[in-house]
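Student: Here it is, the structure, as structure tokens.
The values are calculated or read from the model by the stated rules, or taken from the named source; none is laboratory data. Computed from a prediction, not measured in an experiment: that's the story for all the values here. Counting neighbours? That spans all protein chains shown, and the Cβs are built from the backbone with ideal geometry, glycine included.
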Amino acid sequence: MPQVTLHEVTDANGESFLLLVGPEPDYQWQRFMAAVEALVRRFEVRIAVGLSAIPWPIPHTRPLAVTVHGNEPTLLSPYTSVLGEIEVPGHLGAMLELHLGEHGIPSMGITAQVPHYLVQFEFPRAAQTLLNGVASLTGLVVPTADLQPAAVRAETEVAEQLVGNDEFATVVAALEQQYDQLNALQQGVSGGISDLTPQGGVPTGDEIAAQVEEFLQSLAEGDEPKDPDS
């Protein structure tokens, strides 16, 4: 039976913190949030930090970006974003962040932007990025070295799957160019907004989605046993 569990954890420097893990409940969110609030008050938690990931149109060959959000403006002041306002589907993490803020409890979230075409792959680099974000926000020291071999294996597998898939490689190349130009603009190096569109144009969302579906379908077909007589 699925369950949400609260763990007491000690970081590399001996600092204790609480870790709440488990699947998102399907219903009774208000009851769940009230229970979390009660735990926060019982254990005198100073700040709550939620971790999440969302699919994003970025290439796996570039550093992952994170979005930091929260209910206390002073906590967010060191962080900037070029995204402006975005709408996302409702989820319990966001509701809990809002609920805690409304009850006077500082709460923040770190969301990793994961390449949208890797939704069917394990991607340990996202976990590394989130844990590094926790360290930056809270000062907790959470080692990530054990994740590195898995991260290398995962990205090697992705690279191997892309070999020979020229159409999808073109999409990744376009995303790389878009990422680099957006990064240059953020750093004040780019010549202007018009530079953000590569020659030939970046594929539309529908075009990328269609090519992603074709790519994933090719992976599924590649996993099927082959007829020895074929």
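Student: What is the number of the single condition among (1) hydrophobic (A, V, I, L, M, F, W, C); (2) over 17 Å from the mean Cα position of the chain (by Cα); (3) under 30 Å from residue 19 (Cα atoms) that residue 173 does not meet?
Tutor: Status for residue 173: all satisfied but (3).
Student: Can you tell me which residue in the stretch 173-184 is farthest from residue 155 (Cα to Cα), limited to those that are surrounded by fewer than 19 Cβ atoms within 10 Å (Cβ to Cβ) and of a type in the set (A, V, I, L, M)?
Tutor: 184
Student: Kindly establish whether residue 146 is under 30 Å from residue 46 (Cβ atoms) and of a type in the set (Asp, Glu). Reasoning before the result, please.
Tutor: Details: under 30 Å from residue 46 (Cβ atoms): yes; of a type in the set (Asp, Glu): yes.
For residue 146, the condition - under 30 Å from residue 46 (Cβ atoms) and of a type in the set (Asp, Glu) - is met.
Student: Now, a different point. Restricting to the stretch 116-149, what's the tally of residues that are closer than 23 Å to residue 57 by Cα and either modelled with pLDDT of 90 or more or assigned to a helix (DSSP H, G or I) (or both)?
Tutor: We begin by selecting, within the stretch 116-149, every residue closer than 23 Å to residue 57 by Cα; these are 116-133.
Filter again for either modelled with pLDDT of 90 or more or assigned to a helix (DSSP H, G or I) (or both), leaving 116-118, 124-133.
Of the residues in that region, 13 qualify.
Student: Collect the residues in the stretch 28-40 that are closer than 20 Å to residue 9 by Cβ and touching a residue at least 60 places away in the same chain (Cβ under 8 Å), keeping them in residue-number order.
Tutor: Matches in the stretch 28-40: 36, 40.
Student: Among the residues of the stretch 30-71, which ones are surrounded by 14 or more Cβ atoms within 10 Å (Cβ to Cβ) and of a type in the set (Asp, Glu)?
Tutor: 37 - this is the single residue of the stretch 30-71 that is surrounded by 14 or more Cβ atoms within 10 Å (Cβ to Cβ) and of a type in the set (Asp, Glu).
Student: Filtering the stretch 81-98 down to residues that are part of a loop (DSSP other than H, G, I, E, B) and modelled with pLDDT of 65 or more, which residue is surrounded by the most Cβ atoms within 10 Å (Cβ to Cβ)? It would help to see each step written out before you state the result.
Tutor: Initial filter on the stretch 81-98 (part of a loop (DSSP other than H, G, I, E, B)): 81-91.
Next, only the ones that are modelled with pLDDT of 65 or more stay: 85-91.
Numbers: 85: 5, 86: 8, 87: 5, 88: 10, 89: 6, 90: 9, 91: 13.
My answer is 91.
Student: Next question. Of everything in the stretch 135-161, what is touching a residue at least 24 places away in the same chain (Cβ under 8 Å) and under 16 Å from residue 65 (Cβ atoms)? Give them in sequence order.
Tutor: Answer for the stretch 135-161, where residues must be touching a residue at least 24 places away in the same chain (Cβ under 8 Å) and under 16 Å from residue 65 (Cβ atoms): just 137.
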